[in-house]
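Have a look at the structure below, then the notes.
The values are calculated or read from the model by the stated rules, or taken from the named source; none is laboratory data. Not measured: the values here are computed from a predicted model. As a convention, Cβ positions derive from the backbone with ideal geometry for all residues, glycine included, and neighbour counts pool all protein chains shown. The accessibility values were calculated without ligands, DNA or RNA, using every heavy atom of the protein model including side chains. Shrake-Rupley method; radii C 1.70, N 1.55, O 1.52, S 1.80 Å.
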Amino acid sequence: MILNDKHLQFKKKVKEFADNVVAPRAIELDLKSEFPHDLVKKMGEMGLYGLFIPKKYGGAGLDTLSYAIAVEEISRACGSTGIFFAAHSSLAIAPIYIAGNEIQKQKWLIPLAKGEKIGSFGLTEPNAGSDASATETTVKLIGDEYIINGTKCFITSGHVADVIVLTATKDPSLGYHGISAFIVEKGTPGFILGKEEDKLGLRGSITSELIFEDCKIPKENLLGNEGDGFKIFMQTLDGGRISIGALALGIAQGALDATVKFVKTNSKNNRLLSRYQSIQSMIAEIGTEIEAARLLIHQSAALKDAGKPLTKEAAMAKYYASKIGMKATNIAIEIHGMLGLTKKYPVERFIRDEKLMEIGEGTSEIQKIVIARQILGK
Ligand code: CAA
């Protein structure tokens, strides 16, 4: 897919920001496990949130393809900043845009899209990870209030979120039919911040446990209709998988770029590493696979922008990009040799950051189930 001038110019603008502002912070964020409050603010000022949201709701009025380009560029510089960006946009902003009523859009979508508030997405639970319909968090309507009880885990940006979009069931025995989606604001009594995870990679991003104990929210915070929650979240994940694919792609491209620099500046037996055919072969292989992943991601973004079904293509993009992302970061380390395992080069961070892409927003095995069901029929 060839990008048009508008997309190319946009890519250049985000690339400059990523190279000059995001990349210099990446090492420190990783080493100190520091959340990038400064970058979050700057990305908001640049109008990067809500790229695919209309201007009337505080967005940039661009498209999903622009968003995928931006996630790739930011993640090429820093995976931790990339996952914040992707989760805030695809997982918190998108479901309110998809299923919110006008009042909800005015109240929550606009500040989220402008970057005035941070959002997160509460689907995963201790007993409902890959099997998302096994939600155990319960909800009861009493008078004008919903009362939520349960625990969500591994929630990106949970501790810093102002707004969380979450699922809860009125009766776990109803399966996905019992699940509804709600918006809960930070500070609501009974909404408790649990532990924060200490992770292998993406160490500058926050991954939280969130606990709800008799947490009362107004009934106006129901997203869509009762029982719609599972489908709203599945539709949200279709879009989210494009951005996780773009994140995986960005990290893979970062690893390739670092490796190209390394082989062009390091020699063996007075011969640059880039002149060895075995090195060229590895670079050619990952370069080709990175380009193929980019095509899948851009295709699924274009399908979304055209309002066409994208469940299969988004799952393929996420599955393939994360798979070749692991391969690319692994080869990058092999080419660097022992140096690749040290903090002197960024490739050890890239491989740690990349691993989440095969797990978050549906594991590779889940993506294969989604793809196979689309190819074979249910
Ligand atoms: N869009 C709209 N509707 C959908 C849909 C989609 N993409 N996928 C399924 N549905 C509908 C189905 O049509 C069905 O409705 P009908 O009965 O009316 O036809 C209903 O939802 C139930 O669908 P399934 O029977 O296919 O559901 P299932 O229980 O077999 O599960 C699954 C499907 C694909 C395995 C799903 O559970 C899943 O995606 N699991 C992975 C969860 C996941 O990705 N979690 C990631 C958490 S977020 C995260 O990681 C964030 C982060 O920050 C890192």
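For this structure, a couple of remarks:
- Listed conditions (1) within 15 Å of the ligand (Cβ to nearest atom); (2) in contact with a strand residue (DSSP E or B) (Cβ under 6 Å, 6 or more places away or on another chain); (3) not acidic (Asp, Glu) are all met by Ala132, apart from (2).
- Counted residues, region 186-208 - those being closer than 15 Å to Gly119 by Cα, open to solvent by less than 60 Å² (accessible area, probe 1.4 Å) and assigned to a strand (DSSP E or B): 3
- Region 225-237, subset open to solvent by 20 Å² or more (accessible area, probe 1.4 Å) and either under 12 Å from the mean Cα position of the chain (by Cα) or within 12 Å of the ligand (Cβ to nearest atom) (or both), residue nearest to Leu51 (Cα to Cα): Gln235
- Hits in region 335-363 - residues which are surrounded by fewer than 17 Cβ atoms within 10 Å (Cβ to Cβ) and within 16 Å of the ligand (Cβ to nearest atom): Ile359, Thr363
- Annotation: Gly61 fulfils all but one of (1) closer than 30 Å to Pro309 by Cα; (2) touching a residue at least 24 places away in the same chain (Cβ under 8 Å); the unmet one is (2).
- Region 121-138, subset in contact (Cβ under 8 Å) with a residue 60 or more places away in the chain and either within 16 Å of Thr156 (Cα to Cα) or in contact with a helix residue (DSSP H, G or I) (Cβ under 6 Å, 6 or more places away or on another chain) (or both), residue surrounded by the most Cβ atoms within 10 Å (Cβ to Cβ): Gly122
- You will find that of Ala332, Ala284, the residue that is more than 16 Å from the ligand (Cβ to nearest atom), surrounded by 21 or more Cβ atoms within 10 Å (Cβ to Cβ) and among the small types (Gly, Ala, Ser) is Ala332 and no other.
- Among residues of region 135-161 being near the ligand (Cβ under 9 Å from one of its atoms) and assigned to a strand (DSSP E or B), the one that is nearest to Lys216 (Cα to Cα) is Ile155.
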